[in-house]
């Protein structure tokens, strides 16, 4: 039950009190920049166990019975959302959100520690599916209104890097057009990544794929039920169901 539900249960839908509640919620959003949508007990524990740097308005953090401690939430801008699903364990993670209407969605029973999750610009998205386990040192970055989507039941080793943008522009001097715009990254269900794997913009990894240690995946499609490795990653073998 949220704090708002508790308020309504205790005082009812009195018109004057409803105006007071609306003004209170607006002040919280305006002055503190983050609205925490969770039960009152979770809100207290969450606030004491994590650090916040807040600049902006109408930003929201949603928490559903997850273990979330020793994290840093740097949120700057407006209309941004961070959602953490039930049963997830999030520890020593730095969340960086800058811009407008960006979103970080972490599903149920996700394990994530000692990592960086960053979204910026406008309407960028990072999504991590249910039952995914990610080793220490991960770095996931979504910029330029593009997405990084990770499926369900994935198993990532340590020091994984996923970026959907070069974070800078390359302009052709002939036509003055940018040649390196951001592009979505998609990781399917039941994907295994070895240590120090790097996934760059435009990569599409289908279901049940294994990626060898220190591999780099460039723009393109990586077929399901296959093994890839190398710098850049190349097809090793496939044809059977590799991951259950």
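Computed from the coordinates by the stated procedures, all read-outs in this text should not be read as laboratory data. Worth saying up front: this structure is predicted, and the values here are computed from it rather than measured. Every residue, glycine among them, receives a Cβ derived from its backbone with ideal geometry; neighbour counts consider all protein chains shown.
Structure notes:
- Rg ratio (alpha-carbon, reference 2.2 N^0.38 Å) - segment 23-149: 0.97
- Whether segment 50-237 is rounded, prolate or oblate, judged on the alpha carbon gyration tensor where a/c under 1.5 counts as rounded: oblate
- Each of 44, 160 was scored by other Cβ atoms within 10 Å of its Cβ. Arranged with the fewest first, they read 44, 160.
- With neighbours defined as other Cβ atoms within 10 Å of a residue's Cβ, the residues 161, 226 order from fewest to most as 161, 226.
- One Cα centroid belongs to segment 32-72, the other to segment 81-105; the line between them spans 10 Å.
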